[in-house]
Amino acid sequence: MNSQDAPTLERFGHSAALSLGVELELQLVNTHDYDLAPYSDEMLRLMARIPLPGSVVPEMTSSMIEISTGICHSASEVLGQLSQMRDALVRCADKLNIACAGGGTHPFQQWHEQRIYDRPRFRQLSELYGYLTKQFTIFGQHVHVGCPDADSALLMLHRMSRYIPHFIALSASSPFVQGQDTQFDSARLNSVFAFPMSGRAPFTLSWDEFGHWFAKTTRTGVVKSMKDFYWDIRPKPEYGTIEIRVFDTPLTIEKAAALAGFVQSLAAWFLAEQPFAPQEDDYMVYTYNRFQACRFGLEAVYVEPESGQHLPLREHILQTLEKVAPHARTLGADAAVDTLRESAQHSVNDARWLRETQTRERLLAEMVRQGAERFRRRG
């Protein structure tokens, strides 16, 4: 590829600071053995008839579906939009005799049985990544938060990176893969790490500097656009946001909205108080903290990037929730923060619920059935 052909980085768009957008990748399961069911086309046809906020689109394989809110300004607005979409999904799934479920992985699906959804980008990815594409039948929540400008977005991205373990542990819902307890609370992220453009964004704090980095990268021909980066957090210039991508899809939309409220409260704290300046050295402990959160969830150890102090991640989550609480109150996100505080205090996340249900029922299909029931219930 010569320099004339190299893609250029688009201008960072405008968005309202602290606005929110949430995407949820959901499982479609049949109702006889609760394995994944390739019904995304049928669901999309039925959902297209219902006026809804946001969008409903296919995902990599045909047993997945993604719902996205429109632009929201509070966690309660996120919950309101997700509630409408959830209720519509449940009605459509009932007509097809299937069910929708949250969770970061399906606990016993076999990756080789999955079908790539027939869309040009998905076919291209399948040709490039081979079997990894079908193994990407995993389910995550993405949270977009609006930033005042491009440089603020990069500063927020690197500040937010310190809290990646907190997001992973609170949302973890993927302990089972291919019928086995992986001993990870979030095994889903191990599948993401298999892709060459995963991990963390480069440490740049100005859009010009990021543009130079992007130009050098695209000149190699390895990537063609921002979509090719599977980073834990990435800028989304077309929306004027940063997008946090490490959350497992929770079992309930209430938890999904609470996590969005936490992100918004953190972002408000950053903008109002500028609590610390991110450094490249923060990333020395990044991969270790990320692993700890994936493996042990709320029982993980957290290494504080500046001091090197080791402390329970639960304790650091509770300290962080205390710091952002005034901003959460201003934003109307107190209920979100209270929900997550209770999770941290009692060391209860969705991975723990799934394991406890499996211990009690001794049947993964019954665990999935009960998980699907949790998704369809309100409150």
In order through the range 249-254: 3J(HN,Hα) via Karplus (6.51 cos²θ - 1.76 cosθ + 1.60), integer Hz, x for Gly, Pro: 5, x, 6, 10, 6, 4
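If I take R0 = 41 Å and measure r between the Cβ atoms of Asn97 and Lys227 in this structure, what FRET efficiency does the formula 1/(1 + (r/R0)^6) give, to the nearest 0.05? Present the calculation step by step, with values, prior to reporting the outcome.
Values: r = 35 Å, r/R0 = 0.85.
FRET efficiency, Asn97 to Lys227: 0.75.
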Please give the solvent-accessible surface of Phe203 in Å², to the nearest 10, using a probe radius of 1.4 Å with every protein chain present. 50
What is the gain in length, in nm to one decimal, between Glu361 and Leu311 on full extension, counting 0.36 nm per residue of separation less the C-alpha to C-alpha distance? 14.5 nm
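Quick one: with all protein chains in place, what share of the accessible area of the chain is carbon or sulfur, to the nearest percent (1.4 Å probe)?
Exposed carbon and sulfur together represent 49 percent of the surface.
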Based on the mean of other Cβ atoms within 10 Å per residue, sort peptides 352-360, 275-283, 239-247 so the most packed one is first. 239-247, 352-360, 275-283
I'd like the projected area of the chain, averaged over all directions, using the convex hull of its alpha carbons. Report it in nm² with one decimal. 17.6
Place a point 7 Å from the Cα of Trp213 along the Cα-to-Cβ direction; which residues of the range 147-169 have their backbone N under 20 Å from it? 147-165
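Kindly report the accessible area of the chain per residue (heavy atoms of protein chains, probe 1.4 Å, no ligands, DNA or RNA), in Å².
On the way: 15710 Å² over 379 residues.
Normalised by residue count, the accessible surface of the chain is 41 Å².
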With each label point set 7 Å from Cα along the Cα-Cβ vector, what nm distance links Thr287 and Asp149? 3.5
Using the alpha-carbon centroid of each, what span in Å lies between the range 37-105 and the range 336-379? 20
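The values are calculated or read from the model by the stated rules, or taken from the named source; none is laboratory data. Since the structure is predicted, the reported quantities are computational estimates derived from the model, not experimental observations. Positions of Cβ are backbone-derived with ideal geometry, glycine not excepted, and every protein chain shown enters the neighbour counts. Surface areas here come from the heavy atoms of the whole protein model, side chains and all, with no ligands, DNA or RNA. Shrake-Rupley method; radii C 1.70, N 1.55, O 1.52, S 1.80 Å.
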